[in-house]
1. When you check D78 against the structure, is it acidic (D, E), farther than 14 Å from P9 by Cβ and surrounded by fewer than 20 Cβ atoms within 10 Å (Cβ to Cβ), yes or no?
2. Please go through the stretch 7-36 and pick out each residue that is in contact (Cβ under 8 Å) with a residue 40 or more places away in the chain and closer than 21 Å to D78 by Cα.
3. Name the single residue, out of those in the stretch 1-17 being farther than 16 Å from I59 by Cα and open to solvent by 100 Å² or more (accessible area, probe 1.4 Å), that is modelled with the lowest pLDDT.
4. With the requirement that a residue be touching an Asp or Glu at 6+ places or on another chain (Cβ under 8 Å), open to solvent by 50 Å² or more (accessible area, probe 1.4 Å) and more than 20 Å from E3 (Cβ to Cβ), what does the stretch 34-63 give you?
5. Assess whether F37 counts as being among the aromatic types (F, W, Y) and touching a helix residue (DSSP H, G or I) at 6+ places or on another chain (Cβ under 7 Å).
Amino acid sequence: MFEKLSFYPGKITYEDFDIDINKPLDFEDDGLKEDMFKVQYPDNFILDIGWYSGVNKFIIYIIKDFDWDNPIKKTECDLVDLYSKTETYAVYIRDLLSN
């Protein structure tokens with residue numbers, strides 16, 4: 001799903017995103033999990049994506065220095081918005097690194 005996105009200067013360190021975007025999510029229950037996609041950036045930034053059944057949404061996190069209790073940014077979204085929000089977060093991290 002994220003093949004066309006640039007995560008530069010980050011590196012994808014985990015990718016287990018097996019969701020068919022052309023099917024309703026209820027048919028993909030096995031693929032919905034908390035650990036789905038992770039990008040490691042310089043200066044200990046992480047972009048993390050997972051599915052959280054408690055809210056029935058994807059959550060995108062920006063984490064700094066592995067402080068998962070205090071994310072820099074966090075957003076919940078549906079599959080329809082996941083690509084654009086992920087792109088926005090990747091650009092946000094790139095901007096943080098350039099300052």
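1. Taking the combined requirement at face value, the residue satisfies it.
2. Taking the stretch 7-36 first, the residues in contact (Cβ under 8 Å) with a residue 40 or more places away in the chain are 7-10, 19, 21, 25.
F7, I19, I21, L25, listed by residue number.
3. Restricting to residues being farther than 16 Å from I59 by Cα and open to solvent by 100 Å² or more (accessible area, probe 1.4 Å), the top hit is E3.
4. Those that are touching an Asp or Glu at 6+ places or on another chain (Cβ under 8 Å), open to solvent by 50 Å² or more (accessible area, probe 1.4 Å) and more than 20 Å from E3 (Cβ to Cβ): N44, V55, K57.
5. Details: among the aromatic types (F, W, Y): yes; touching a helix residue (DSSP H, G or I) at 6+ places or on another chain (Cβ under 7 Å): no.
No.
The values are calculated or read from the model by the stated rules, or taken from the named source; none is laboratory data. Just so you know, these numbers come straight off a predicted model, no measurement behind them. Every residue, glycine among them, receives a Cβ derived from its backbone with ideal geometry; neighbour counts consider all protein chains shown. Keep in mind that these areas ignore ligands, DNA and RNA; they rest on the heavy atoms of the full protein, side chains included. Shrake-Rupley method; radii C 1.70, N 1.55, O 1.52, S 1.80 Å.
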